[in-house]
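The values are calculated or read from the model by the stated rules, or taken from the named source; none is laboratory data. None of the values given here were measured: they were computed from a predicted structure. Cβ: placed from backbone, ideal geometry, glycine included. Neighbour counts: every protein chain shown. These area figures cover heavy atoms from the full protein model, side chains too; ligands, DNA and RNA do not enter into them. Shrake-Rupley method; radii C 1.70, N 1.55, O 1.52, S 1.80 Å.
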Amino acid sequence: MRIAVAGATGNIGARTAGALERAAHEVVRISRSLGVDLISGDGLDAALRGVDVVVDATSYEAADRDDAVAYFGTATRNLLAAEQRAGVRHHVLLSIVGIDRLEGNAHYAGKREQERLVAESPVPWTIVPFTQFHDFAATVTSWTEEDGVAPIPPLLVQPIAPADVADILAETATGTPRGRHRDVAGPEPQDLVDMARRTCDARGHTVKLVPTWSSILGPEAAGNVLLPGEDARIAPTTFDEWLADAR
């Protein structure tokens, strides 16, 4: 199959493209750095020529809700419109577990807009919601660290390995459109603060972690808000296994 991956130079997009190529599919990488701009639409029609499936693994970090909604909305509209022109038969969207339960988060607001547009599109689709990735704790620490101190929310999460995410996206892309996929998570619940501590220790990075709800996510994310549903698909790689390989 000829499969395009949007966000192909990112954390998940690059892994997904690799997983598809290992399965002998022809991969078209879509990224601004590769000459295809989802916001302006430049290069999209040429990139999608002859493409059977599009996997959207794009990401965008914005502190402002309107900015996030505008970015994801514009990029998704442009991508879906180009898919219609090209006759793409399946749109696969990487999404996040729990985005409908956190109204105040800018990124999640953008992802909700993205999901809405995909679900309303005439292009057949599958939306796959994943829990946070194993490297999420380190990412949050990098966002908040200042002068050796990093505030971090005491979230309960059930993280998944980025490689497992890529494998499942690749599998989904080669299947038939399914609408909304069940939640996908890693095998074990984890405390985000403990994940951050263990990741920093493994990498030899010294930082004082301060558990607080005044950081990236507030108390509305406490408890089981970010955990997967009971019928979730469970990916195999544990946090310990990922951490051993990520050092």
Expected single match for under 20 Å from residue 13 (Cα atoms) and either at pLDDT below 95 or in a strand (DSSP E or B) (or both) among 138, 150 is 138
Within segment 112-132, restricting to residues that are in contact with a Phe, Trp or Tyr (Cβ under 9 Å, 6 or more places away or on another chain) and either over 13 Å from residue 69 (Cα atoms) or in a strand (DSSP E or B) (or both), the one that is most open to solvent (accessible area, probe 1.4 Å) is 119
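I'd like to check something: does segment 151-162 contain any residue that is touching a Gly at 6+ places or on another chain (Cβ under 6 Å), farther than 12 Å from residue 92 by Cα and hydrophobic (A, V, I, L, M, F, W, C)? Break it down stepwise before answering.
Just the residues of segment 151-162 that are touching a Gly at 6+ places or on another chain (Cβ under 6 Å), to begin with: 158-160.
Add one more test, that the residue is farther than 12 Å from residue 92 by Cα, and what stays is 158-160.
Filter again for hydrophobic (A, V, I, L, M, F, W, C), leaving 160.
Among the residues of segment 151-162, at least one is touching a Gly at 6+ places or on another chain (Cβ under 6 Å), farther than 12 Å from residue 92 by Cα and hydrophobic (A, V, I, L, M, F, W, C), which makes the answer yes.
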With the first residue restricted to segment 3-27 and required to be in contact (Cβ under 8 Å) with a residue 24 or more places away in the chain and farther than 16 Å from residue 95 by Cβ, and the second required to be of a type in the set (S, T, N, Q) and buried (at least 17 other Cβ atoms within 10 Å of the Cβ), Cβ contacts under 8 Å at 6 or more apart or on different chains are 8/16; 8/31; 9/31
| request: Answer yes or no: is there a residue in segment 3-11 that is in a helix (DSSP H, G or I) and either farther than 16 Å from residue 128 by Cβ or charged (D, E, K, R) (or both). | output: no
Considering segment 193-219, residues that are small (Gly, Ala, Ser) and surrounded by 13 or more Cβ atoms within 10 Å (Cβ to Cβ), and then whichever is farthest from residue 138 (Cα to Cα), we arrive at 218
Looking across segment 220-247 at residues that are in contact with a Gly (Cβ under 8 Å, 6 or more places away or on another chain) and open to solvent by 40 Å² or more (accessible area, probe 1.4 Å), the single one that is farthest from residue 98 (Cα to Cα) is 234
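Among the residues of segment 165-182, which ones are buried (at least 22 other Cβ atoms within 10 Å of the Cβ) and within 26 Å of residue 224 (Cα to Cα)?
Just the residues of segment 165-182 that are buried (at least 22 other Cβ atoms within 10 Å of the Cβ), to begin with: 165-166, 169-170, 172-173.
Those that are buried (at least 22 other Cβ atoms within 10 Å of the Cβ) and within 26 Å of residue 224 (Cα to Cα): 165, 166, 169.
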Per the list (1) in contact with a strand residue (DSSP E or B) (Cβ under 7 Å, 6 or more places away or on another chain); (2) polar (S, T, N, Q); (3) under 26 Å from residue 237 (Cα atoms), residue check on residue 142 breaks on (1)
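Of all residues in segment 1-32, which are in contact with an Asp or Glu (Cβ under 6 Å, 6 or more places away or on another chain) and farther than 22 Å from residue 87 by Cβ? Before you say what the answer is, go through the steps one by one.
Just the residues of segment 1-32 that are in contact with an Asp or Glu (Cβ under 6 Å, 6 or more places away or on another chain), to begin with: 1-2, 6, 19, 27.
Once the filter is applied, which keeps residues that are in contact with an Asp or Glu (Cβ under 6 Å, 6 or more places away or on another chain) and farther than 22 Å from residue 87 by Cβ, segment 1-32 yields only 19.
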Within segment 1-14, residues being surrounded by 22 or more Cβ atoms within 10 Å (Cβ to Cβ) and charged (D, E, K, R) number 0
* Residue in segment 157-179 that is over 30 Å from residue 20 (Cβ atoms) and more than 20 Å from the chain's Cα centre (by Cα) present -> no
Taking segment 200-247 and keeping only residues that are part of a helix (DSSP H, G or I) and within 20 Å of the chain's Cα centre (by Cα), one is left with 221, 239, 242, 243, 246
Here the qualifying pairs (Cβ atoms under 8 Å; residues six or more apart or on different chains; first in segment 58-78 and more than 19 Å from residue 5 (Cβ to Cβ); second of a type in the set (S, T, N, Q) and buried (at least 16 other Cβ atoms within 10 Å of the Cβ)) come out as 73/114
